[in-house]
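Working notes, beginning with the structure itself.
The values are calculated or read from the model by the stated rules, or taken from the named source; none is laboratory data. Since the model is a prediction, treat every value here as computed from it, not as a measurement. Cβ: placed from backbone, ideal geometry, glycine included. Neighbour counts: every protein chain shown. Please note that ligands, DNA and RNA were not included when accessible areas were found on the heavy atoms of the full protein model with its side chains. Shrake-Rupley method; radii C 1.70, N 1.55, O 1.52, S 1.80 Å.
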Amino acid sequence: MIKIENIVKRFGDLEVLHGVTLSVKRGEIVSIVGASGAGKSTLLQIIGTLMTADEGEVTIDGISPMGLSDKELATFRNKHIGFVFQFHHLLEEFSAVENVMMPMLIAGARRADAQKRALELLDIVGMSHRTEHRPSALSGGEQQRVAIARALANNPSIVLADEPTGNLDSYTRDEIQSLFFELRERTGQTFLIVTHDDKLAEQSDRKIEMNDGRII
């Protein structure tokens with residue numbers, strides 16, 4: 001599903017990734033761990049096409065996005081990649097169901113079709129009773145469930161999660177962790193997760209440790 005080879009990233013004279021190579025199989029849940037500054041989030045942003053590498057190759061679902069135009073890249077990202085962040089990034093002026101509909105509407109789906117799938121996804125993540133609530137009326141865990149549903153909206157090839165449980169209490173964190181595995185069993189979804197959460201990392205199919213821009 002994901003294949004990256006010899007990825008190098010520099011910021012000025014500082015090289016933060018030193019020839020990183022990694023592959024992730026379809027349906028895997030893979031965690032990336034390491035100290036702050038190890039290069040985990042930079043690597044995730046390169047895989048997610050939010051940042052470009054200075055050297056190396058990225059292939060997602062058989063497609064290399066690095067040579068695409070900005071418009072083609074935006075379309076590729078919308079179709080193939082789902083994102084879950086630590087702080088949700090839900091749109092405050094829209095309800096839960098409207099937030100989940102947004103990637104589908106951007107992709108050109110009919111509103112009725114987008115709404116139907118959004119409601120189905122919110123039911124899957126346990127939020128069918130809160131579909132019309134705006135983010136400000138939801139708890140942190142509820143917002144993260146909506147964000148996960150949004151990430152799944154276009155049935156992406158891969159879901160990339162950056163510290164998805166880092167801003168949650170221990171009970172809610174355990175609920176979100178369990179949800180990732182339930183989704184994998186239900187939908188066959190592939191997850192690549194950057195985390196400082198040892199429990200989540202240990203439960204993953206594979207735990208990859210980074211240090212100083214290298215996989216160790």
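Scanning the range 157-172 finds one or more residues that are of a type in the set (Val, Ile, Thr), assigned to a helix (DSSP H, G or I) and open to solvent by 10 Å² or more (accessible area, probe 1.4 Å). Restricting attention to the range 45-64, the residues that are open to solvent by less than 10 Å² (accessible area, probe 1.4 Å) and in a strand (DSSP E or B) total 2. A single member of Glu120, Glu98, Glu132 is in a loop (DSSP other than H, G, I, E, B) and surrounded by fewer than 22 Cβ atoms within 10 Å (Cβ to Cβ), and it is Glu132. Tallying residues that are in contact with a strand residue (DSSP E or B) (Cβ under 7 Å, 6 or more places away or on another chain) and not in a loop (DSSP other than H, G, I, E, B) within the range 11-44 yields 20. Within the range 186-216, the set of residues being at positive phi and open to solvent by 10 Å² or more (accessible area, probe 1.4 Å) comprises Gly188, Asp212. From the residues in the range 1-39 that are under 19 Å from Ala161 (Cβ atoms) and of a type in the set (S, T, N, Q), which one is surrounded by the fewest Cβ atoms within 10 Å (Cβ to Cβ)? Applying the filter and picking the extreme gives Ser36. The single condition among (1) within 26 Å of Ile215 (Cβ to Cβ); (2) touching a residue at least 12 places away in the same chain (Cβ under 8 Å); (3) open to solvent by 20 Å² or more (accessible area, probe 1.4 Å) that Phe76 does not meet is (3). Among the residues of this structure, Val24 does not count as one that is under 19 Å from Arg206 (Cβ atoms), hydrophobic (A, V, I, L, M, F, W, C), touching a Pro at 6+ places or on another chain (Cβ under 9 Å) and touching a residue at least 24 places away in the same chain (Cβ under 8 Å). Where residues in the range 106-117 are open to solvent by 10 Å² or more (accessible area, probe 1.4 Å) and in a helix (DSSP H, G or I), which of them is nearest to Leu91 (Cα to Cα)? Of everything passing the filter in the range 106-117, Ile106 is nearest to Leu91 (Cα to Cα).
Among residues of the range 97-111 that are closer than 17 Å to Asp123 by Cα and in contact (Cβ under 8 Å) with a residue 12 or more places away in the chain, those with a Cβ under 8 angstrom from a residue that is open to solvent by 60 Å² or more (accessible area, probe 1.4 Å) and of a type in the set (S, T, N, Q), sequence gap 6+ or separate chain, pair up as Val97/Gln115; Met101/Gln115.
Conditions tested, residue by residue: (1) more than 25 Å from Ile29 (Cα to Cα); (2) more than 13 Å from the chain's Cα centre (by Cα); (3) aliphatic (A, V, I, L, M).
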| site | (1), (2), (3) |
| --- | --- |
| Met102 | yes, yes, yes |
| Lys116 | yes, yes, no |
| Met127 | no, yes, yes |
| Pro135 | yes, yes, no |
| Ser139 | yes, yes, no |
| Ala151 | no, no, yes |
| Tyr171 | no, yes, no |
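Return yes when Val84 is outside any helix (DSSP H, G or I) and open to solvent by less than 60 Å² (accessible area, probe 1.4 Å) and no when it is not. For Val84, the condition - outside any helix (DSSP H, G or I) and open to solvent by less than 60 Å² (accessible area, probe 1.4 Å) - is met.
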